[in-house]
Amino acid sequence: MKIGVPKEIKNNESRVGMTPAGVFELTKNNHTVYVQTDAGFGSGFFNKDYEEAGAIILNSIEDVYAASDMIVKVKEPIEEEYTLIKPDQVVFTYFHFASSETLTRAMINSKSICIAYETVEEKDGSLPLLVPMSEVAGRMSIQQGAKYLEKPIKGRGVLLGGVPGVPPGKVLVLGAGIVGMQAAKMAAGLGAHVTIMDINMKQLRYVNDVMPNHVVTEFSSEYNIRKRIKEADLIIGGVLIKGAKAPKLITKDMLKDMRPGTVIVDVAVDQGGCFETTKATTHENPTYIIDDVVHYCVANMPGAVPYTSTVALTNVTLPYVLRLANQGWVKACETDTTLSKGLNIVKGRVVYKEIAEAFNWETEIS
Ligand SMILES: NC(=O)c1ccc[n+]([C@@H]2O[C@H](COP(=O)([O-])OP(=O)(O)OC[C@H]3O[C@@H](n4cnc5c(N)ncnc54)[C@H](O)[C@@H]3O)[C@@H](O)[C@H]2O)c1
């Protein structure tokens with residue numbers, strides 16, 4: 001199969017859909033991989049790395065789309081790419097269709113086969129191609145939170161790990177899923193005192209088993225949250241209720257109970273946020289202050305660490321790319337129910353119920 005890896009052209013996106021290691025595996029399996037010149041530059045992979053792995057470098061994005069049976073990328077296609085996508089071409093990437101009717105209509109019109117990373121789903125309901133980005137965001141939340149606790153950037157002026165004679169900072173983590181666990185682990189590693197809350201007792205038992213003693217579990221309730229925010233230096237929001245907006249666990253009136261300079265990092269911002277005062281921010285301007293509380297609400301946190309994010313993402317996408325290339329999309333999806341859940345739009349038809357529902361297009365589901 002001919003596989004194309006275009007350079008991401010969405011604003012501020014430095015990740016790339018395939019590393020040289022992926023090219024190596026595909027060419028070993030007798031596939032041809034076209035990589036757009038400088039596609040990996042932002043993630044620290046250069047043309048010569050791809051060439052040495054067996055790729056053919058093409059100069060323009062038009063050439064990559066025109067030459068390929070399957071496109072492997074990171075973000076959803078943006079307007080400039082809509083007309084480059086051909087009928088019967090497989091496009092394997094994050095799409096998030098329900099958030100854009102324009103994109104959805106463009107992909108329907110393209111008559112391509114759109115397989116979305118975010119809906120590839122294991123039998124137990126887990127989303128294997130979303131996990132690595134939650135891992136990155138969870139770990140980053142502490143790194144960013146620790147930075148914004150510094151006084152020159154309006155934080156409380158607290159060193160999370162403390163020093164001999166000065167107690168460590170206090171971190172409250174809301175949600176003990178992927179984001180929450182990674183955040184708790186990083187904060188504990190810095191020596192902070194960590195409280196992690198969830199409503200899932202099974203998960204709290206697990207956290208209690210595997211975390212060190214300075215990570216304390218507590219059931220998530222409004223009463224407990226109100227109590228803990230008074231003493232927290234850093235609060236991480238990592239809750240998720242699948243298919244729903246994040247619950248507002250910290251309301252505006254609670255900010256006055258926090259100490260000035262407390263930092264709150266709402267990782268769940270992409271699901272509407274779990275703090276009432278959350279507004280999505282960008283890496284250029286990541287924070288804002290309300291009632292002396294520093295809010296960090298960047299919606300694409302992994303974008304700031306493209307090397308780590310690219311490798312983490314492609315580690316999990318490559319096995320599916322190989323399957324799609326070796327078997328073709330029809331057979332690969334027939335034999336792999338996890339992958340087949342990723343089918344969103346097939347040759348002009350919406351085949352993923354939730355997308356059609358998002359736009360009230362019941363008639364278009366096949
Ligand atoms: N901002 C970013 O760049 C970025 C990157 C990756 C993920 N995310 C987002 O982070 C959020 C968390 O993702 P995840 O992968 O950790 O999800 P997850 O499903 O692994 O974990 C969510 C946890 O929240 C818990 N929860 C639900 N309601 C709760 C409540 N009222 N109180 C406490 N806990 C509660 C659940 O029981 C679950 O354990 C999602 O919204 C995800 O989209 C954001």
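What follows is calculated from the coordinates using simple rules that are stated; it is not laboratory data. Owing to the predicted nature of the structure, the values given are computational and were not obtained by experimental measurement. Positions of Cβ are generated from backbone atoms using ideal geometry, with glycine treated the same way; all protein chains shown enter the neighbour counts.
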Out-of-range pairs (alpha-carbon distance over 19 Å; input Lys86/Lys111; Lys202/Lys248; Lys154/Lys245; Lys10/Lys242): Lys202/Lys248; Lys154/Lys245; Lys10/Lys242
Check: C-alpha center the range 289-305 vs C-alpha center the range 1-24, spacing in Å is 27 Å
Principal axis box of the chain, alpha-carbon based, largest edge first, Å: 63, 48, 37
Using the Karplus equation 6.51 cos²θ - 1.76 cosθ + 1.60 (θ = phi - 60°), what ³J(HN,Hα) coupling, rounded to whole Hz, does each residue of the range 49-62 give in order, writing x for Gly and Pro? 5, 5, 5, 4, 7, x, 7, 9, 8, 10, 6, 10, 5, 4
List the relative contact order of the chain as a percent without decimals, with contacts defined as Cα pairs under 8 Å and 6+ residues apart. 17 percent
Once the convex hull of the alpha carbons of the range 131-304 is built, what does its volume come to per residue, in cubic angstrom? 106 Å³
Determine ³J(HN,Hα), in whole Hz, for all residues of the range 321-327 in sequence, where each value follows from phi through the Karplus function 6.51 cos²θ - 1.76 cosθ + 1.60 and θ = phi - 60°; x replaces Gly and Pro. 4, 4, 4, 4, 6, 6, 9
Arrange the following residues from fewest to most other Cβ atoms within 10 Å of their Cβ: Tyr206, Tyr223. Tyr223, Tyr206
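Which of Phe46, Phe24, Phe95 comes first, and how do the rest follow, when ranked by fewest Cβ neighbours within 10 Å?
Least to most surrounded, the residues fall as Phe46, Phe24, Phe95.
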With Cα springs under 10 Å, the Gaussian network model of the chain assigns the largest mean-square fluctuation among Ser340, Ser126, Ser141 to Ser126
What is the dipole size for the range 1-132, taken about its Cα centre, with +1 at each Lys and Arg Cβ and -1 at each Asp and Glu Cβ, in debye to the nearest 20? 120 debye
Go ahead and set up a Gaussian network model of the chain, Cα springs under 10 Å, then flag whichever of Cys333, Cys297, Cys274 fluctuates most. Cys333
Given charges at beta-carbon only (K, R positive; D, E negative), |dipole| of the range 180-317 in Debye: 280 debye
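Using +1 on the beta carbon of Lys and Arg, -1 on that of Asp and Glu, and nothing else charged, what's the dipole of the chain about the Cα centre, debye to 20?
Here the chain has a charge dipole of around 840 debye.
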